[in-house]
Amino acid sequence: MVTISNGAKKIYGEAAFEVLAKAQELERQGKNILHFEIGEPDMETPENIANAGIKAIKDKKTHYTPSIGILELRKAVQDEVEYTRGYRPDLDQIVITPGLKPGIFFSMLATINPGDEVIYQDPGYPTYGSVTSFLGAKGVLVPLLEENEFRMNPDDIKSKITGKTKLIIINSPQNPTGSVITESELNEIAEIAEKNDFFIVSDEIYSKMTYETDHHTATLRDEGKIRSILLDGFSKYYAMTGWRLGYMVAPPDITNRLNDFLVSAISCTAAFTQWAGLEALTGDQSFIPEMMKRFKEKRDKIVKGLNTIPGFSCLPPKGAFYAFPNIKETGMNSEECADHLLQNAGVACLPGTAFGPYGEGYLRFSYATTLENIDEAIERIKKSFE
Ligand SMILES: Cc1ncc(COP(=O)(O)O)c(C=O)c1O
């Protein structure tokens, strides 16, 4: 009998898409659903970026490119990292990928052996656990606690290190809690990785999406030259989720191997997407502060609203566009509560447990929607508990 691979049995998906499917089924039945489940900005890709992509197609930029990306974009990433992270990576450290997610996959493929241990935040982005499991490695969870504003505590990390620890994955600003790790905590984590000789993968997809605080990176300590891999991308802060574009800054011995991973898996990132990305990085940047001003208004509204619902309490997130309210006092668990809101309030959100066991007692609301929808959702949720 033919059987599928062990890895195929162990890889898993994302609850956001399952909830979206359920919500769409209810919509087909004529129910009005307010969507707070999917993590993508509600703005369109800025005109100048879209036009650069269209121009690239018209200019016949529709062929294979080098697997690691076009030189023009890799140089722009070099400038970008220098400007935003405070160090200038060498060109041979920079690789362009179709979205940030392949960067997670490829950097884990390049560093992890079966039996290795991978430390990551819980609740956290499901891909880290899925790829860890696919590779036959062991996921070691660092709980994100509300009393620590959902930030990883470096002492917790120390207590999880064994001889098998190979990698820590850091995500800040964080999905699903919106927490932002401080500069000194990141320095401490980078020091721990250095002392105990393991890799760092730093998922910084929300790097330009902070409120009242700055973004920092744990990759600064070795400037991505020895053990750290910086991942960032265009999906969120340039509203380009469907274009599929991201970048990695990694030690040269890893980027050498990544070239062959990319050759074997994807050949290259779509050519016209890369030219659009060049415009994103080098063109007018006013879109981002404008979007963040709007997101801040939405954040303030949803946090205030959620805190008026009996049984709910919500800390103001410092980054990304997710609110992560505590719902323990409703007496329901996360799954029950999310389901209750979908069925009885027509509000689609995710149970905290979609992001790991420590998400129990919480919900995730993606507030990339209109202010009116936020008001309406809060009203409907309140009514559903009456
Ligand atoms: C933490 C995190 N990393 C990566 C991604 C995926 O990014 P991309 O769409 O560029 O692959 C997301 C998207 O939700 C995310 O929240």
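Here is how the numbers come out for the structure above:
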item	result
Rounded tilt (10° steps) of 271-282 against the dominant C-alpha axis of the chain	80 degrees
Cα-based reach from Lys195 at 19 Å (exclusive), listing lysines while leaving out same-chain residues under 8 positions away	Lys158, Lys160, Lys164, Lys166, Lys225
Helix 71-85 axis, angle to the chain major axis (alpha carbon atoms, nearest 10°)	60 degrees
Qualifying lysines (Cα of each under 28 Å from Cα of Lys61; at least 8 residues distant if same chain)	Lys75, Lys101, Lys236
The chain: relative contact order as a whole-number percent, Cα under 8 Å and 6+ apart	24 percent
Among Lys195, Lys225, Lys208, residue whose mean-square fluctuation peaks in a GNM of the chain (springs only between Cα atoms under 10 Å)	Lys195
Rg/Rh ratio calculated on Cα atoms of the chain (Kirkwood radius)	0.96
Placed amide H near Thr97: partners under 5 Å, 5+ positions off or other chain	Gly246, Tyr247, Met248
Net charge contributed by nearby residues that have their C-beta within less than 9 Å of Phe355 (K/R +1, D/E -1)	0
Extension reserve of the Lys158-Asp284 stretch, reckoned as 0.36 nm per residue once the Cα distance is removed	41.1 nm
Taking Val180, Val263, Val2 and counting other C-beta atoms within 10 Å, the order from fewest to most	Val2, Val263, Val180
Residue-span extension gain [Glu183 to Lys10] - 0.36 nm each, minus C-alpha spacing	58.8 nm
Lys296/Met1 FRET efficiency (R0 51 Å; Cβ-Cβ; nearest 0.05)	0.35
Most to least packed among 67-80, 147-160, 319-332 [average Cβ atoms within 10 Å]	319-332, 67-80, 147-160
Relative contact order [Cα under 8 Å, 6+ residues apart], the range 207-302, whole percent	25 percent
For Ile168, distant residues with modelled amide H under 5 Å away	Ile119, Phe199, Ile200, Val201
Two-site label geometry, Gln29 and Asn256: point separation in nm, points 7 Å out along Cα→Cβ	5.9 nm
Fraction of antiparallel bridges per DSSP, the chain only, in percent to nearest 5	40 percent
Order of Tyr120, Tyr362 under a 10 Å beta carbon neighbour criterion, fewest first	Tyr120, Tyr362
Furthest towards positive pole of dipole, Thr165, Asn48, Phe321, structure part the chain, Cβ charges	Asn48
For the range 6-152, convex hull volume per residue from C-alpha positions, Å³	216 Å³
Distance (nanometres) between label positions extended 7 Å along Cα→Cβ at Leu371 and Leu71	4.9 nm
For the range 155-253, the fraction of alpha-carbon pairs in successive 5 Å shells from zero, as %	2, 13, 22, 23, 19, 12, 6, 2, 0
Percentage relative contact order, the range 251-386, counting C-alpha pairs under 8 Å, at least six apart	21 percent
Cut-off 15 Å (backbone N to label point 7 Å along Cα→Cβ of Glu336), residues of the range 309-329	311-312, 327-329
For the range 348-353, Karplus couplings with θ = phi - 60° (6.51, -1.76, 1.60), whole Hz, Gly/Pro x	9, 9, 10, x, x, 5
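Throughout, read-outs are computed from the coordinates displayed, never taken from laboratory work. Everything quoted here is computed from the prediction, not taken from an experiment. Virtual Cβ from ideal backbone geometry, glycine too; neighbours counted across all protein chains shown.
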